[in-house]
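Before any comments, here is the structure.
The values are calculated or read from the model by the stated rules, or taken from the named source; none is laboratory data. Just so we're clear, the structure is a prediction, and the values are computed from it rather than from any experiment. Neighbour counts are summed over all protein chains in view; Cβ atoms, including those assigned to glycine, are modelled from backbone coordinates with ideal geometry.
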Amino acid sequence: MLKWGRLNVSRAELELANVLQAGQAFRWMVDEATGEYVTTMKILDKEQYSVVLVRQHDDNFIECATYDSECSLDDVLNHMTKYFRLEVSVQELYQKEWLPKDSRFKDIETHGIRVLRQEPWETLVSFICSTNNNISRITKMCHALCSNYGDKIGTHNSTDFYSFPTSNSIYDNATEEQLRKLGFGYRAKYIIETAKKIIDDKSEHVAASDSEYLSNIASSSDYFTLREHLMSYTGIGPKVADCIALMGMGRDEVVPVDVHVERIARRDYKINPTNKDVTALREEYKDLPVTRKKVNFQLDVIRMKLNEQWGPYAGWAQGVLFFREVGGTSGANTKGEITKRKHEHIKLKTPEDNDLGIIHSPRRKAPKIKVE
Ligand SMILES: Nc1nc2[nH]c(O)nc2c(=O)[nH]1
């Protein structure tokens, strides 16, 4: 029998549907009959994964539970408080940080969007999968990694749930050919090479796990050193590195810039990087060889200017605008299907160029894609 515990949080601060399956996290499955979201995670600092459930049947609280009898309800609630970053009030950020600095926020609702604090290793691999990809396919890849190379942790309503595989498990068991067959395309090579490099890095730094190693790097590095390090892995460019820093390492000020954010910056903020801006950045990065090679200087000027515009939680402001810009999302359900759907409470827009491929017309019927 599951025991559910409550976390007091309003829908304005957290709307599960808009946060768990909208481009930040890719392993939550929704049970459409009950509205419960299910995944596996390492509760607090436990080594093992547990099956975790969350639901939101009230406007003022969410409920959380686990099948893991070794975890107390308090452990689950403490863990989920950290995962959802409930110490941060988005309403307060909106009123005190964003609105005073940026009058455009007058017309912007936050829709219960907040930035998650996910496991660094899982975030890193998920965002390697996100390159030139859409949410359906990223979700499918993350589930395929877990069911092929992770450990079975438990079952909920006849659906099996797996751990996210370690770098060792991926490197020892996966081949590039297998990953290609599972639908990873050119990212197959990136994942295997990154797993290998993390294994080498971990052994050099005596870290117990992939995430511990990455957390140590994050906590001892400033933003530029961290990004330089993340971009030293195959398949990680500046946008992916920034997503990992923001959503997997708690770097709240970081603004990932992709086509959507570039469009917002140029269209709504009239940010058009000049040669002078670019030259200044080139000078700043002269001792960062990976950054110099991988960064797109124009986009990096945009990153910097949006960071200045929105302040210490600029990454959260990006999350709100990113969500608004892309308009729709996709997520897995516990029947093993991935379905497209519109965001909660917002109107859909017309798609233009969209590398996440998640804008869709409200009139078009959403296709169902099987998770293998
Ligand atoms: N909030 C954001 N979510 C994302 N998902 C994804 O693939 N990119 C982004 C992003 O830039 N922001």
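Which ones in the stretch 52-75 are in a strand (DSSP E or B) and either modelled with pLDDT under 95 or closer than 13 Å to residue 3 by Cα (or both)? Reasoning before the result, please.
To start, the set of residues in the stretch 52-75 that are in a strand (DSSP E or B) comprises 52-55, 61-66.
Scanning the stretch 52-75 gives 52, 53, 54, 55, 63, 64, 65, 66.
Residues being surrounded by fewer than 16 Cβ atoms within 10 Å (Cβ to Cβ) and acidic (Asp, Glu): count how many of those fall in the stretch 1-19.
The total comes to 0.
So which residues in the stretch 278-288 are assigned to a helix (DSSP H, G or I) and under 17 Å from residue 239 (Cα atoms), if there are any at all? Please lay out each step first, then the result.
The first filter runs over the stretch 278-288 and keeps only residues assigned to a helix (DSSP H, G or I), leaving 278-284.
281, the sole residue that qualifies.
When the stretch 124-142 is examined, which residues are found to be in a helix (DSSP H, G or I), under 22 Å from residue 246 (Cα atoms) and either away from the ligand (no atom under 14 Å from the Cβ) or within 13 Å of the chain's Cα centre (by Cα) (or both)?
Filtering the stretch 124-142 for residues in a helix (DSSP H, G or I) gives 124-129, 135-142.
Next, from what is left, pick out any that are under 22 Å from residue 246 (Cα atoms): 124-129, 135-139, 141-142.
Result: 124, 125, 126, 127, 128, 129, 135, 138, 139, 142.
Out of 229, 205, which single residue is at pLDDT 95 or above, away from the ligand (no atom under 16 Å from the Cβ) and under 22 Å from residue 288 (Cα atoms)? Steps first, answer last, please.
Numbers: 205 fails: at pLDDT 95 or above.
Being at pLDDT 95 or above, away from the ligand (no atom under 16 Å from the Cβ) and under 22 Å from residue 288 (Cα atoms) holds for just one of 229, 205, which is 229.
For the list (1) surrounded by fewer than 21 Cβ atoms within 10 Å (Cβ to Cβ); (2) small (Gly, Ala, Ser); (3) within 16 Å of the ligand (Cβ to nearest atom), I need the number of the one condition that residue 22 fails.
So the condition that residue 22 fails would be (1).
Residues being closer than 15 Å to residue 159 by Cβ and among the β-branched types (Val, Ile, Thr): count how many of those fall in the stretch 26-67.
7
Using the structure shown, decide if residue 167 is farther than 30 Å from residue 284 by Cα, more than 16 Å from the ligand (Cβ to nearest atom) and crowded, with 18+ Cβ neighbours inside 10 Å.
On the way: farther than 30 Å from residue 284 by Cα: yes; more than 16 Å from the ligand (Cβ to nearest atom): yes; crowded, with 18+ Cβ neighbours inside 10 Å: yes.
Yes; evaluated as a whole, the condition is true for this residue.
Could you list, in sequence order, all residues of the stretch 299-342 that are basic (Lys, Arg) and either more than 11 Å from the ligand (Cβ to nearest atom) or closer than 30 Å to residue 156 by Cβ (or both)? Quick ask: steps written out before the conclusion?
Step one: of the stretch 299-342, the residues basic (Lys, Arg) are 303, 305, 324, 335, 340-342.
Scanning the stretch 299-342 gives 305, 335, 340, 341, 342.
Hey, could you check the stretch 91-117 for residues that are basic (Lys, Arg) and without any contact (Cβ under 8 Å) to a residue 40 or more places away in the chain and say which is farthest from residue 327 (Cα to Cα)? Before the answer, list the steps.
In the first step, residues of the stretch 91-117 are kept if they are basic (Lys, Arg); the result is 96, 101, 104, 106, 114, 117.
If we keep only those that are without any contact (Cβ under 8 Å) to a residue 40 or more places away in the chain too, we end up with 96, 106.
On the way: 96: 26, 106: 19 Å.
Here the answer is 96.
Does residue 241 satisfy the condition of being under 16 Å from residue 198 (Cα atoms), without any contact (Cβ under 8 Å) to a residue 60 or more places away in the chain and away from the ligand (no atom under 11 Å from the Cβ)? Spell out how you get there, then give the answer.
On the way: under 16 Å from residue 198 (Cα atoms): yes; without any contact (Cβ under 8 Å) to a residue 60 or more places away in the chain: yes; away from the ligand (no atom under 11 Å from the Cβ): yes.
Yes: the conditions hold for residue 241.
Inside the stretch 106-123, can you point out the residues that are closer than 15 Å to residue 41 by Cβ and within 13 Å of the ligand (Cβ to nearest atom)?
The initial filter retains those residues of the stretch 106-123 that are closer than 15 Å to residue 41 by Cβ, namely 116-123.
Residues satisfying the conditions are 116, 118, 123.
Which residue pairs have Cβ atoms closer than 6 Å, lie 6 or more positions apart in sequence or on different chains, and pair a first residue in the stretch 312-334 that is without any contact (Cβ under 8 Å) to a residue 60 or more places away in the chain with a second residue that is in a strand (DSSP E or B)?
328/342
Of the residues 66, 34, 81, which single one is crowded, with 22+ Cβ neighbours inside 10 Å and β-branched (Val, Ile, Thr)? Break it down into steps so the answer makes sense when it comes.
On the way: 34 fails: crowded, with 22+ Cβ neighbours inside 10 Å; 81 fails: crowded, with 22+ Cβ neighbours inside 10 Å.
Result: 66 is the single residue among 66, 34, 81 that is crowded, with 22+ Cβ neighbours inside 10 Å and β-branched (Val, Ile, Thr).
Look at residue 319 and say whether it is under 25 Å from residue 214 (Cβ atoms) and small (Gly, Ala, Ser). Reasoning before the result, please.
Details: under 25 Å from residue 214 (Cβ atoms): yes; small (Gly, Ala, Ser): yes.
Yes: the conditions hold for residue 319.
Within the stretch 176-189, identify whether any single residue is at pLDDT 95 or above, of a type in the set (S, T, N, Q) and surrounded by 20 or more Cβ atoms within 10 Å (Cβ to Cβ), and answer yes or no.
Looking for residues that are at pLDDT 95 or above, of a type in the set (S, T, N, Q) and surrounded by 20 or more Cβ atoms within 10 Å (Cβ to Cβ), one finds none in the stretch 176-189, hence no.
Taking the conditions exactly as written (farther than 26 Å from residue 68 by Cβ and not acidic (Asp, Glu)), does residue 153 satisfy them or not? Spell out how you get there, then give the answer.
Working: farther than 26 Å from residue 68 by Cβ: no; not acidic (Asp, Glu): yes.
No, not satisfied.
Condition (residue is in contact (Cβ under 8 Å) with a residue 12 or more places away in the chain, in a strand (DSSP E or B) and small (Gly, Ala, Ser)) applied to the stretch 152-170: is it met by at least one residue?
Checking the stretch 152-170: at least one residue is in contact (Cβ under 8 Å) with a residue 12 or more places away in the chain, in a strand (DSSP E or B) and small (Gly, Ala, Ser).
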